[in-house]
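Colleague: Before we start, here is the structure in question, set down as structure tokens.
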Amino acid sequence: MREIRGAVIEAAGRPTSIETLRLDDPRPGEVLVRMTASGVCHSDLHVRDGDWERPGPIVLGHEGAGVIEAVGAGLDPSVVGRAVALSWYAPCLRCRECQRGRQWLCQGSPSLRHRQADGTTRLERADGSPVLAYLSIGTFAEAQVVPATAVVPMPDGVPPEVAALIGCGVSTGVGAVLKTAEVPAGSTVAIIGLGGVGLSCVMGAVLAGAGRIVVDVSRAKLDLAGELGATHWVQADPSNPQATVDGIRGAAGDGGPDFVFEAIGTPTTIAQAVAALPPGGTAVLVGLTRFGEVASFEPFPFVDGGRRILGSNYGSAVAAIDFPRYADAYLAGRLPIERLIDRRLPLDDLEDAFDRLRAGQAARQVVVFD
Ligand code: APR
Ligand code: ZN
């Protein structure tokens with residue numbers, strides 16, 4: 001048992017407060033990780049702002065990296081001291097989807113319940129009341145006990161902030177391009193929304209050898225995407241959605257881009273992604289909407305033109321295989337993940353970071369721990 005500081009919300013839609021909590025020792029199948037960095041992702045903000053119902057009280061954060069401090073009984077203690085990235089979807093390794101290698105679709109993951117595999121949590125308040133960990137890893141905390149299947153060792157030389165981003169935004173965006181959509185070299189790709197996820201789609205499109213068009217309301221985001229290798233850009237005017245569609249089609253030529261990645265999660269931008277497709281084109285939905293939201297499109301040209309829509313969760317990531325690959329690509333200079341980071345902050349400034357993210361002003365902000 002030790003004391004740690006973590007960012008707790010009482011329930012979805014409530015602000016975070018930094019609390020001192022008690023963290024129990026790891027049990028069999030669990031690992032104690034001292035956190036080194038945790039990115040601030042829009043999926044935390046969805047919970048913070050009440051877009052998604054989640055149980056509470058809960059420590060937020062799901063884009064984390066750290067160092068292994070201890071392991072539960074039965075695990076190899078030689079891993080203590082290893083730098084790791086954390087997967088926010090700990091696979092059970094037993095269900096049908098895990099057995100067929102689609103761990104991002106695992107149906108038995110403890111992450112679905114924000115608890116450890118035995119259904120309990122290792123965190124409590126001073127009065128002994130339990131506190132959950134978002135997606136079983138709750139990375140806005142100085143340390144956490146997490147499922148061993150969420151822990152992926154990183155190669156030497158990967159900075160904590162980069163490892164953290166591999167844990168969510170990078171895997172989600174790069175994987176959407178390379179794994180979910182399997183974009184062929186020479187394709188034309190458009191990316192709508194340039195937060196940490198959309199900018200990672202841009203890096204994925206560069207790796208795939210595809211031409212890329214980027215769309216955002218923010219001029220600064222378009223400039224950053226240009227530095228990452230975007231070839232054309234469209235500055236979106238939310239009051240004129242059709243102009244964005246026309247801009248994407250015009251920049252792509254040939255009637256529109258082969259692929260459009262939507263990395264925001266609003267009905268309007270999802271409809272734009274579908275509307276910008278030429279016959280045979282594919283829209284890849286990466287952004288997550290508020291619960292219950294509905295997007296629409298006209299089915300006749302969609303069916304007549306043989307278009308496709310793919311949903312991409314976590315970039316179809318198999319963390320144990322894909323995280324080290326993305327880390328190697330970073331070390332080889334082919335995935336400039338550090339360019340996405342525009343602010344490092346202490347845990348105490350988390351609410352301010354959420355304010356900037358909500359206003360669309362941030363690329364990736366990362367909480368760093370001493
Ligand atoms: N048109 C174009 N761009 C827009 C629009 C719009 N109508 N509205 C917002 N944007 C841009 C913002 O300027 C910002 O750059 O979309 C981007 C969204 O980025 P972030 O808020 O940083 O979100 P991110 O963390 O990248 O996550 C994106 O993926 O995993 C999901 O839950 C996550 O739904 C979220 C999405
Ligand atoms: Zn995320």
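The values are calculated or read from the model by the stated rules, or taken from the named source; none is laboratory data. On a predicted model such as this, the values are computed, not experimentally measured, just so you know. Because the Cβ atoms are built from the backbone with ideal geometry, glycine has one as well, and the counts that use them run over all protein chains shown. To get the accessible areas, we keep the full protein, side chains included, count just its heavy atoms, and leave off ligands, DNA and RNA. Shrake-Rupley method; radii C 1.70, N 1.55, O 1.52, S 1.80 Å.
Colleague: Given (1) within 16 Å of ligand 1 (Cβ to nearest atom); (2) assigned to a loop (DSSP other than H, G, I, E, B), identify the lone condition not met by Leu75.
Modeller: (1)
Colleague: Does the stretch 166-189 include one or more residues that are within 19 Å of the chain's Cα centre (by Cα), within 16 Å of ligand 2 (Cβ to nearest atom) and over 29 Å from Arg307 (Cα atoms)?
Modeller: yes
Colleague: With the structure loaded, tell me whether Arg344 is in the same structural domain as His42 (by TED's automatic domain parsing), away from ligand 1 (no atom under 15 Å from the Cβ) and either open to solvent by 70 Å² or more (accessible area, probe 1.4 Å) or farther than 25 Å from Asp223 by Cβ (or both) or whether it fails that test.
Modeller: Details: in the same structural domain as His42 (by TED's automatic domain parsing): yes; away from ligand 1 (no atom under 15 Å from the Cβ): yes; either open to solvent by 70 Å² or more (accessible area, probe 1.4 Å) or farther than 25 Å from Asp223 by Cβ (or both): yes.
Here the answer is yes, as Arg344 does meet what is asked.
Colleague: Moving to a separate point now. Taking the stated definitions as given, is Gly61 in a loop (DSSP other than H, G, I, E, B), touching an Asp or Glu at 6+ places or on another chain (Cβ under 8 Å) and either of a type in the set (Asp, Glu) or assigned by TED's automatic domain parsing to the domain that holds Glu161 (or both)?
Modeller: Values: in a loop (DSSP other than H, G, I, E, B): yes; touching an Asp or Glu at 6+ places or on another chain (Cβ under 8 Å): yes; either of a type in the set (Asp, Glu) or assigned by TED's automatic domain parsing to the domain that holds Glu161 (or both): yes.
So Gly61 passes the test.
Colleague: While we're looking at this one, here's another question. Can you tell me which residue within the stretch 270-310, out of those that are among the charged types (D, E, K, R) and open to solvent by less than 80 Å² (accessible area, probe 1.4 Å), is farthest from Gly169 (Cα to Cα)? Walk me through how you get there before you give the answer.
Modeller: Initial filter on the stretch 270-310 (among the charged types (D, E, K, R)): 290, 293, 298, 304, 307-308.
Subset that is open to solvent by less than 80 Å² (accessible area, probe 1.4 Å): 293, 307.
Details: Glu293: 22, Arg307: 27 Å.
This residue is Arg307.
Colleague: Looking for something away from ligand 2 (no atom under 16 Å from the Cβ) and out of contact with any Ser or Thr (no Cβ under 9 Å at 6 or more places or on another chain) - is there at least one such residue anywhere in the stretch 57-66?
Modeller: Start the filter on the stretch 57-66 by keeping residues that are away from ligand 2 (no atom under 16 Å from the Cβ), which leaves 57, 66.
Narrowing further to those that are out of contact with any Ser or Thr (no Cβ under 9 Å at 6 or more places or on another chain): none.
Among the residues of the stretch 57-66, not one is away from ligand 2 (no atom under 16 Å from the Cβ) and out of contact with any Ser or Thr (no Cβ under 9 Å at 6 or more places or on another chain), which makes the answer no.
Colleague: When residues of the stretch 78-87 are filtered for being touching a residue at least 60 places away in the same chain (Cβ under 8 Å) and either more than 16 Å from ligand 1 (Cβ to nearest atom) or not in a loop (DSSP other than H, G, I, E, B) (or both), how many remain?
Modeller: From the stretch 78-87, those touching a residue at least 60 places away in the same chain (Cβ under 8 Å) are 79, 82-87; that's our starting set.
Retained after the next criterion (residues that are either more than 16 Å from ligand 1 (Cβ to nearest atom) or not in a loop (DSSP other than H, G, I, E, B) (or both)): 79, 82-86.
Result for the stretch 78-87: 6.
Colleague: Given (1) within 16 Å of ligand 2 (Cβ to nearest atom); (2) in contact with a strand residue (DSSP E or B) (Cβ under 7 Å, 6 or more places away or on another chain), identify the lone condition not met by Thr269.
Modeller: (1)
Colleague: Taking into account only those residues within the stretch 44-68 that are small (Gly, Ala, Ser) and open to solvent by 20 Å² or more (accessible area, probe 1.4 Å), which is farthest from ligand 1 (Cβ to nearest atom)?
Modeller: Only one residue fits best here, namely Gly56.
Colleague: I've got another one for you. How about the stretch 25-53: which of its residues are closer than 23 Å to Val152 by Cβ and outside any strand (DSSP E or B)? Write out each step before concluding.
Modeller: Of all residues in the stretch 25-53, those closer than 23 Å to Val152 by Cβ come to 25-44.
The answer is Asp25, Pro26, Arg27, Pro28, Gly29, Cys41, His42, Ser43, Asp44.
Colleague: Name the single residue that is nearest to Val183 (Cα to Cα) among those in the stretch 242-281 being away from ligand 1 (no atom under 11 Å from the Cβ), among the charged types (D, E, K, R) and in contact (Cβ under 8 Å) with a residue 24 or more places away in the chain.
Modeller: For the stretch 242-281, the residue satisfying everything is Asp258.
Colleague: Now for a different question. Among the residues of the stretch 191-204, is there at least one that is of a type in the set (A, V, I, L, M), part of a loop (DSSP other than H, G, I, E, B) and surrounded by fewer than 24 Cβ atoms within 10 Å (Cβ to Cβ)? Can you show your working first?
Modeller: Pass one, the stretch 191-204, residues of a type in the set (A, V, I, L, M): 191-192, 194, 197, 199, 202-203.
From what's left, part of a loop (DSSP other than H, G, I, E, B): 194.
Checking the rest, the ones that are also surrounded by fewer than 24 Cβ atoms within 10 Å (Cβ to Cβ) come to none.
The answer is no; no qualifying residue exists.
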